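This report refers to the structure that appears directly beneath it.
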Amino acid sequence: MNKRTLTIGSLIPRNISINKVSKSNPSNPPDPEYRHFNKIILLQKQMKFEIQPTKGNLLDVALGQEQALQYKCRKGTCGVCTVKVAEGRSSLSLPNEKEQSKLKKALNDGYRLACQAEIL
Ligand code: FES
């Protein structure tokens with residue numbers, strides 16, 4: 001009786017090459033926006049506020065973390081809650097109609113209505 005020892009290598013047909021799995025590509029560093037995903041930095045009237053992103057309304061999350069953002073109507077009409085998002089824009093929802101109407105071109109400079117922006 002012919003005893004032949006089988007190994008993993010012996011089961012792979014000879015005409016198939018096995019590609020090595022490449023490790024991380026150092027030429028593609030992570031998006032800088034995502035490197036700081038663990039915080040959102042807001043500026044409002046020369047004040048800086050740092051919040052830890054949790055799901056919910058940006059104003060509510062900030063107030064819940066004892067960040068004293070100014071606000072008034074909470075409906076997207078007064079504009080008192082306007083903040084400049086210095087860091088963490090990618091963790092926020094896209095501007096809604098109220099923000100687009102109130103902030104117009106300022107949206108392009110990173111301004112948001114904290115009572116309307118949602119943390120994703
Ligand atoms: S509190 Fe008035 S627009 Fe946000």
Please note which helices (runs of 4 or more DSSP H) are completely contained in region 16-120 and include at least 1 residues that are modelled with pLDDT under 95.
32-35
Of LEU107, LEU94, which residue is more than 13 Å from the ligand (Cβ to nearest atom), under 19 Å from ILE41 (Cα atoms), open to solvent by less than 50 Å² (accessible area, probe 1.4 Å) and within 20 Å of the chain's Cα centre (by Cα)?
LEU107
Name the residues in region 47-59 that are away from the ligand (no atom under 11 Å from the Cβ) and not polar (S, T, N, Q), would you?
MET47, LYS48, PHE49, GLU50, ILE51, PRO53, LYS55, GLY56
How many of the residues in region 61-77 are touching a residue at least 40 places away in the same chain (Cβ under 8 Å), of a type outside the set (A, V, I, L, M) and surrounded by 13 or more Cβ atoms within 10 Å (Cβ to Cβ)?
3
Could you look through region 64-91, keep only residues that are of a type in the set (Ser, Thr, Tyr) and more than 21 Å from the chain's Cα centre (by Cα), and pick out the one that is farthest from the ligand (Cβ to nearest atom)?
THR77
Here are the criteria: (1) open to solvent by less than 60 Å² (accessible area, probe 1.4 Å); (2) free of Cβ contacts under 8 Å to residues at least 24 places away in the same chain; (3) closer than 22 Å to LYS39 by Cβ; (4) among the aliphatic types (A, V, I, L, M). Tell me which single one VAL80 does not satisfy.
(3)
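The values are calculated or read from the model by the stated rules, or taken from the named source; none is laboratory data. For clarity, every value in this text was computed on a predicted model and none was experimentally measured. For neighbour counting, all protein chains shown are included, and Cβ atoms are generated from backbone atoms with ideal geometry for every residue, glycine included. Side chains are part of the model used for accessible areas, which takes the heavy atoms of the whole protein and leaves out ligands, DNA and RNA. Shrake-Rupley method; radii C 1.70, N 1.55, O 1.52, S 1.80 Å.
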